[in-house]
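Student: My questions will all concern the structure given below.
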Amino acid sequence: MNISGKTKICMSIGHPIGNSLSPLMHNTGFEKLKIDNEYVFTACNVKPENIENCIKGIRALGIRGVSVTMPHKKAIMQYLDDIDDTAVQIGAVNTIVNNDGKLTGFNTDWLGVVNSIQKVSSFAGKKALVLGAGGAARAAIFGLIKMGANVIIINRTDKSAIALADEFFCEYAPYSELERAKRMDIIVNTTSVGMHPDENHSPLPKQFITKEQTILDAVYFPYETQLIKNAKAQGAKAIHGAEMLLQQGLEQFKLYTGVNAPEETMRSVLIDHLKKQQI
Ligand code: ATR
């Protein structure tokens, strides 16, 4: 252990937070770059009613960086000193950087989506389907539109898809028309369907997937979701949720430390860990 009085603290906050993979991912990165004497990463369970006090704590203790997860990504925004434009447009902050007491909010979730897809597909002019209309969907929609894709949103509750489509000036289709997925180039699942303990379900039936498509599942546990299995079976390009988690984390690492994260090391530790947990 390399922690000293000079070590800067980073942490994730969320509720619940017990299964957060951010400590594993970031601490492994710190170790690999031999900066684990400078930074350490932990996690704190923060109830919604304690969020304002939590921000006071971050200021009082001089916490260097904070990865913000559900359900705080929106609520935290009002307590920060500054929010970067992208996070304002997405309407959510998943990263806080503390520079000498000034707290700035960022959003790296959209980069998690874009950077993991762009390894296997281009975006310009592509038809992209976003399944879901929650917080993760907002980041995905923002990223896909920014990269030049034509986005269509489908959600179990049509009303939320319509509201998001209005806000981001894109299309929506009713849930009853899920079959339109067949004609899409890129599909991003941002719903929780398929997440443990719901691992036998897929948000998209196998017959709606074609081999020309790129499918990203934001669900990272189990490592191999039913949607990813379906995508592989159909010959589509399948991107695991772990890659999206990694990519958004690499951007956070850079914001906290000012240096590039060791991508391969952090990918391996995440995947190894998730595979061991495979049900
Ligand atoms: P997040 O911020 O992670 O996106 P969220 O805001 O709770 O989480 O959004 C969850 C998304 O998953 C929603 O789009 C939700 O659909 P509804 O708006 O209809 O609730 C979707 N979702 C959750 N369970 C689902 C299910 N069993 N079938 C289809 N969609 C589901």
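Student: With a Förster radius of 41 Å, plug the Cβ-Cβ distance of Thr210 and Ser268 into 1/(1 + (r/R0)^6) and report the FRET value to the nearest 0.05.
Tutor: Between Thr210 and Ser268 the formula returns 0.85.
Student: What list of ³J(HN,Hα) values in whole Hz, one per residue of the range 156-169 in order, does the Karplus curve 6.51 cos²θ - 1.76 cosθ + 1.60 (θ = phi - 60°) give from phi, with Gly and Pro shown as x?
Tutor: 3, 9, 4, 3, 5, 5, 5, 4, 5, 4, 4, 5, 9, 6
Student: Once both axes come from the Cα atoms, what is the angle between helix 51-61 and the longest principal axis of the chain, in degrees from 0 to 90, rounded to 10?
Tutor: Taking the Cα atoms of the chain, the angle to 51-61 is about 40 degrees.
Student: Can you check what the Kirkwood hydrodynamic radius comes to for the chain, Cα pairs only, in Å to one decimal?
Tutor: One decimal place: 19.2 Å for the Kirkwood radius.
Student: By what distance, in whole Å, do the Cα atoms of the range 52-182 stretch along each of the three principal axes, largest value first?
Tutor: 52, 31, 19
Student: Then there is this: FRET efficiency for Thr86 and Glu171, Cβ-Cβ distance as r, R0 = 22 Å, nearest 0.05?
Tutor: 0.50
Student: Still on this structure, please answer the following. Which of the trypsin sites (Lys or Arg not before Pro) found in the range 9-97 are loop residues per DSSP with 11 or fewer other Cβ atoms within 10 Å of their Cβ?
Tutor: Lys34
Student: Using Cα-only point scatterers and the Debye equation, what is log10 of I(q)/I(0) for the range 1-61 at each q in 0.28 Å⁻¹, rounded to two decimals?
Tutor: -1.11
Student: Sticking with the crude label model, points 7 Å out along Cα→Cβ, report the distance from Met70 to Glu38 in nm, one decimal please.
Tutor: 3.4 nm
Student: May I pose another question? Please compute the net charge surrounding Asp36, taking Lys and Arg as +1 and Asp and Glu as -1 over other residues with Cβ under 14 Å from its Cβ.
Tutor: That sum, taken over residues with Cβ under 14 Å, equals +3.
Student: Under 37 °C and 0.692 mPa s, how fast does the range 187-237 diffuse according to Stokes-Einstein, given a Kirkwood radius computed over C-alpha pairs? Answer in µm²/s, whole number.
Tutor: Result for D is 312 µm²/s.
Student: Separate question: Taking one equal scatterer on every alpha-carbon of the range 51-91, how large is log10 of I(q)/I(0) by Debye at q = 0.24, 0.33 1/Å?
Tutor: One equal scatterer on each Cα of the range 51-91 leads to -0.92, -1.33.
Student: What 222 nm value per residue comes from the helices of the chain, counting each DSSP H run with n ≥ 4 as -39,500 (n - 2.57) and dividing by all residues, nearest 500 deg cm²/dmol?
Tutor: Calculated from helices alone, the mean residue ellipticity at 222 nm is -10500 deg cm²/dmol.
Student: Oh, and also: To the nearest 20 debye, what is the magnitude of the charge dipole of the range 177-277 about its Cα centre, counting +1 on the Cβ of each Lys and Arg and -1 on the Cβ of each Asp and Glu?
Tutor: Computed about the Cα centre, the dipole is about 240 debye.
Student: Here is a further query. Averaged per residue, what accessible surface does the chain expose to a 1.4 Å probe, in Å²?
Tutor: I get 46 Å² per residue for this part.
Student: Ok, one more. When Lys and Arg each count +1 and Asp and Glu each count -1, what net charge do the other residues less than 10 Å away from Ala173, Cβ to Cβ, add up to?
Tutor: -3
Student: Express in whole angstrom the spacing between the alpha-carbon centres of the range 158-179 and the range 246-266.
Tutor: About 33 Å separates the Cα centre of the range 158-179 from the one of the range 246-266.
Student: Moving on. What percentage of the solvent-accessible surface of the chain, computed with a 1.4 Å probe over protein heavy atoms, is contributed by carbon and sulfur atoms?
Tutor: 51 percent
Student: Just subtract the alpha-carbon distance of Arg59 and Lys254 from 0.36 nm times their residue separation and send over the number in nm, one decimal.
Tutor: 68.1 nm is the gain from fully extending Arg59 to Lys254.
Student: Residue by residue through the range 209-216, what is 3J(HN,Hα) from phi via Karplus (6.51 cos²θ - 1.76 cosθ + 1.60, θ = phi - 60°)? Round to whole Hz and write x for glycine and proline.
Tutor: 10, 10, 6, 7, 8, 10, 10, 10
Student: Placing one identical point scatterer on every Cα of the range 155-279 and ignoring solvent, what is log10 I(q)/I(0) from the Debye formula at q = 0.12, 0.17, 0.20 Å⁻¹?
Tutor: Relative scattering, expressed as log10 I(q)/I(0), comes to -0.53, -0.96, -1.15.
Student: Once the Cα atoms of helix 135-146 and of the chain are each reduced to a long axis, what angle between those two axes, in degrees from 0 to 90 to the nearest 10, is obtained?
Tutor: 70 degrees
Student: Just need the relative contact order of the chain here, percent rounded to a whole number, with Cα pairs under 8 Å and 6+ apart.
Tutor: With pairs under 8 Å counted, the relative contact order is 16 percent.
The values are calculated or read from the model by the stated rules, or taken from the named source; none is laboratory data. Since this is a predicted model, take the numbers as computed values, not measurements. Neighbour counts run over all protein chains shown; Cβ positions are idealised from the backbone, glycine included. We work out accessible area using only protein heavy atoms, side chains counted, and drop any ligands, DNA or RNA first. Shrake-Rupley method; radii C 1.70, N 1.55, O 1.52, S 1.80 Å.
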